[in-house]
1. What about GLU353, is it farther than 23 Å from LEU267 by Cβ, modelled with pLDDT of 85 or more and open to solvent by 70 Å² or more (accessible area, probe 1.4 Å)?
2. Taking region 205-216 on its own, how many of its residues are among the hydrophobic types (A, V, I, L, M, F, W, C) and surrounded by fewer than 22 Cβ atoms within 10 Å (Cβ to Cβ)?
3. Suppose we keep only residues that are in a loop (DSSP other than H, G, I, E, B) and out of contact with any strand residue (DSSP E or B) (no Cβ under 7 Å at 6 or more places or on another chain) within region 390-405. Which one would you say is most open to solvent (accessible area, probe 1.4 Å)?
4. Give ALA196, ALA153 a once-over and let me know the one that is among the hydrophobic types (A, V, I, L, M, F, W, C), surrounded by 22 or more Cβ atoms within 10 Å (Cβ to Cβ), over 11 Å from ILE138 (Cα atoms) and in contact with a helix residue (DSSP H, G or I) (Cβ under 8 Å, 6 or more places away or on another chain).
5. Does MET260 fit the bill of being surrounded by 15 or more Cβ atoms within 10 Å (Cβ to Cβ) and within 26 Å of HIS212 (Cβ to Cβ)?
6. Just checking, how many residues over region 305-330 are over 20 Å from GLU227 (Cβ atoms) and either touching a residue at least 40 places away in the same chain (Cβ under 8 Å) or in contact with a strand residue (DSSP E or B) (Cβ under 6 Å, 6 or more places away or on another chain) (or both)?
7. Report, by residue number, each residue of region 308-328 that is more than 26 Å from GLN220 (Cα to Cα) and surrounded by 13 or more Cβ atoms within 10 Å (Cβ to Cβ).
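The values are calculated or read from the model by the stated rules, or taken from the named source; none is laboratory data. Because the structure is predicted, anything quoted here is derived from the model rather than measured. Here the Cβ positions follow ideal geometry from the backbone for every residue, glycine too, while neighbour counts run over all protein chains shown. Areas reflect the complete protein model, heavy atoms only, side chains present, ligands, DNA and RNA absent. Shrake-Rupley method; radii C 1.70, N 1.55, O 1.52, S 1.80 Å.
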Amino acid sequence: MTSTQDLLKQAADLASSNPKRAEELYKQILDSTASTSNGSAVNAEKEQSLRDQESALIKLAELYRDQKDASGLAQVITLSRSFMSSTAKAKTAKLIRTLLNYFNSIPNSRQTQIDVLTDNIEWSKREKRIFLKHSLEIRLVSLQLEALQYKLALTRIDALLTELKRLDDKMILTEVHLLESRVYRGIGNLSKSKAALTSARTAANSIYCPPHLQAALDLQSGVLHAEDKDYTTAYSYFYETFENMSSQDDPAALNALKYMLLCKVMLNMPEDVTSLLSIKLAVKYAQLREIESMRAIALAHQNRNLADFEKALRDYKHELSSDPTIRSHLAALYDTLLQQNLLRIVEPYSVVEIDYVAKQVGQGRQDVEAKLSQMILDKVFHGVLDQGRGCLIVFDELEADNTYGAAIGTLEQVSKVVDSLYAKTVKIA
């Protein structure tokens, strides 16, 4: 066993007990192997040196990952460039993907990842590693989308699409169009989002589309149909996604299941939530907090109970607010539920105090007053707000008076009779 391999073993043994010393050993290995691989060593020795260097890079990155040290991991990726310059391009791409994946275990490391990716994209450009550059740019756009940096993401996407159309790489083109659709949906431009998704599906139809990419396309289709209030079609897309991702044990299957439950609630079928969670694929997710949150929302909606709905929103704030899709649809559902509760309260009265209505629904007077005025303007019911007395005056729904229409119809018929008589007198004369 060579001295470098001894050092690797020693560093691995110290990783848990003395991480500082293990870090020093890995850096020492990288320094020594770098000089060997760059020197005039024989092929066998050079290959062994490159293998040791790769092992040291990965182990050092794992050490920083376990310590939640994002800046240390960023330094390892920068250090790896000397190794990447002397190895095959395919191996380079695999190594950098492995190192970047370690960021997923480090909380609050998004900005560090963005900085690292931007730096490595520039390096790839200088080294003319085009496919690595595209792969890193796709990852960067995903992070910018998560960070809500839509303008930067769109600028990067436009440049990427220009290059990819020239190269005619359908697989990456599909991924980029899908990201473009998600970005446009994020800024609220649904027409462009749908157009980008259509482009993604067109590119995907001309190649073999991997299951995970097909699932992502179906998920985005479901999200866009849900935005159009077509929850039945959205549910079918989410179900396809859920089946596909569950078969691969993909963690993203949980999101698809949440969206399925959301569709049931929005379709006024909250009672179906329990039966849906009893199917074979959904059982393993049923006890998770994310699913419990949707179950609580469904129960509150089923009981038309605004207080329970608000309690669910408070108790599961992180689970329900972190996802923009669920957040936007629950806001619309809350508005509908509030409207139904207000109607139920004011219907028996001709005059009712606004304070009493606010107390019954458990809302502030100002919010209730604003909602009642909106309902009157939308002609949900007929009435006026008397702000001087602080009450709502409800009118009976006016019955349609057909007298005017009947009178107009009668006059039209009389006009026809007069025209007919005039035509006959002309003939006689």
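1. It is true that GLU353 is farther than 23 Å from LEU267 by Cβ, modelled with pLDDT of 85 or more and open to solvent by 70 Å² or more (accessible area, probe 1.4 Å).
2. Looking only at region 205-216, we keep the residues that are among the hydrophobic types (A, V, I, L, M, F, W, C), and these are 207, 209, 213, 215-216.
Narrowing further to those that are surrounded by fewer than 22 Cβ atoms within 10 Å (Cβ to Cβ): 207, 209, 213.
Matching residues across region 205-216 total 3.
3. Step one: list which residues in region 390-405 are in a loop (DSSP other than H, G, I, E, B), which gives 390, 395-402.
After this cut, where a residue has to be out of contact with any strand residue (DSSP E or B) (no Cβ under 7 Å at 6 or more places or on another chain) as well, the list is 396-402.
Numbers: ASP396: 132, GLU397: 147, LEU398: 144, GLU399: 167, ALA400: 90, ASP401: 117, ASN402: 116 Å².
So, considering only residues that are in a loop (DSSP other than H, G, I, E, B) and out of contact with any strand residue (DSSP E or B) (no Cβ under 7 Å at 6 or more places or on another chain), the one most open to solvent (accessible area, probe 1.4 Å) is GLU399.
4. Working: ALA153 fails: over 11 Å from ILE138 (Cα atoms).
Matching residue, one of ALA196, ALA153: ALA196.
5. On the way: surrounded by 15 or more Cβ atoms within 10 Å (Cβ to Cβ): yes; within 26 Å of HIS212 (Cβ to Cβ): yes.
Taking the combined requirement at face value, the residue satisfies it.
6. We begin by selecting, within region 305-330, every residue over 20 Å from GLU227 (Cβ atoms); these are 305-319.
Pick out the ones that are also either touching a residue at least 40 places away in the same chain (Cβ under 8 Å) or in contact with a strand residue (DSSP E or B) (Cβ under 6 Å, 6 or more places away or on another chain) (or both) and you get 306-307, 310.
Residues flagged as over 20 Å from GLU227 (Cβ atoms) and either touching a residue at least 40 places away in the same chain (Cβ under 8 Å) or in contact with a strand residue (DSSP E or B) (Cβ under 6 Å, 6 or more places away or on another chain) (or both) within region 305-330 amount to 3.
7. Quick first cut of region 308-328, residues more than 26 Å from GLN220 (Cα to Cα) only: 308-312, 314-315.
Correct list: ASP308, PHE309, GLU310, LYS311, ALA312, ASP315.
Here is a yes/no grid of residues against (1) among the small types (Gly, Ala, Ser); (2) under 19 Å from LEU257 (Cα atoms); (3) at pLDDT below 85; (4) part of a loop (DSSP other than H, G, I, E, B):
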site	(1), (2), (3), (4)
GLN287	no, yes, yes, yes
GLU292	no, yes, no, no
ILE297	no, yes, no, no
HIS318	no, yes, no, no
ILE326	no, yes, no, no
LEU337	no, no, yes, no
